Amino acid sequence: VNNVMLFRMYVLLTVMTNFLVIIFIKYKPWKQHTKWFYISLFFTIIGGMQTQYYFSVIAASVCLIYAVYLLYYKKIKELILYVITGLAGVGVSIAVFPATLDHIFEGYRGEEAFQSFADSSLSNVKVLFEIFNRQLFGNMILLIVAIIVILLIVSLCKNNKVNSEIVYIMLQITLPVVIYLCVISKVAPYLTDRYIFNVSGLLYISVFGI
């Protein structure tokens, strides 16, 4: 039963993570927002936080990038509604399960996480990177990235311009995954792949989606 519950939790975390990223890809920051954007964001934040605490890490990264884009396009009204929606989702999630704050800041897992985060070593990042590299790319990630960089340079020289929409999508997928990997490597109690299941698909897309 315990294994089933554990598997279910990280599958749900993967679903909520993917759904959050899909929302931000579907509703581009430079386009008109509808009520469904705010409704979807609100319930996704609640669902994600009720699933696993690590959802907050990827959500914060994705949401921050989107906020920067809204500022860049000077969509102040949308930014205000966006922030209110996000904070409302967090607030409702905590109201539904008030022990969240105790678990994060006062529980033994929270204390271990903060102590681990204070350690400046990057060895844990390397371990999780090796898990990604082995399981997703057959230990060929460096070769794959090198080929992609070469293709991007050739494409840029040929077209003499960068597709802003593609840049946004890749930033919204790749950068949060990198941030998540670095943070989780510092706070996770064990260096195991179950803590990075939720971003594995995003990393795969960020590499081959280009």
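The values are calculated or read from the model by the stated rules, or taken from the named source; none is laboratory data. All figures in this text were calculated on a predicted structure; none of them were measured in a lab. All Cβ positions, even for glycine, are placed from backbone atoms using ideal geometry, and neighbour counts span all protein chains on display. Surface areas here come from the heavy atoms of the whole protein model, side chains and all, with no ligands, DNA or RNA. Shrake-Rupley method; radii C 1.70, N 1.55, O 1.52, S 1.80 Å.
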Check VAL149, VAL167, VAL145 and return the single one that is part of a helix (DSSP H, G or I), over 21 Å from LYS28 (Cβ atoms) and free of Cβ contacts under 8 Å to residues at least 24 places away in the same chain.
VAL149
Determine which single condition GLU106 fails, assuming it passes every other condition in (1) at pLDDT below 90; (2) open to solvent by 90 Å² or more (accessible area, probe 1.4 Å); (3) farther than 26 Å from PRO189 by Cα.
(3)
Among the residues that make up the stretch 81-99, is at least one of them modelled with pLDDT under 75, hydroxyl-bearing (Ser, Thr, Tyr) and out of contact with any Ser or Thr (no Cβ under 8 Å at 6 or more places or on another chain)?
no
Just to be sure before I move on: is THR34 of a type in the set (Val, Ile, Thr), closer than 18 Å to TYR195 by Cα and at pLDDT below 95 in the structure I sent?
no
Among the residues of the stretch 109-142, how many are outside any helix (DSSP H, G or I) and either open to solvent by less than 80 Å² (accessible area, probe 1.4 Å) or modelled with pLDDT of 70 or more (or both)?
4
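Look at SER206 and say whether it is surrounded by fewer than 19 Cβ atoms within 10 Å (Cβ to Cβ), more than 18 Å from LYS126 (Cβ to Cβ) and modelled with pLDDT under 80. So that I can check it myself, show each step before the final result.
Values: surrounded by fewer than 19 Cβ atoms within 10 Å (Cβ to Cβ): no; more than 18 Å from LYS126 (Cβ to Cβ): yes; modelled with pLDDT under 80: yes.
So SER206 fails the test.
From the list GLY91, GLY47, GLY86, which residue is without any contact (Cβ under 8 Å) to a residue 12 or more places away in the chain, assigned to a helix (DSSP H, G or I) and open to solvent by less than 50 Å² (accessible area, probe 1.4 Å)? Even if it seems obvious, please write down each step before you answer.
Values: GLY47 fails: without any contact (Cβ under 8 Å) to a residue 12 or more places away in the chain; GLY86 fails: without any contact (Cβ under 8 Å) to a residue 12 or more places away in the chain.
Result of the check over GLY91, GLY47, GLY86: GLY91.
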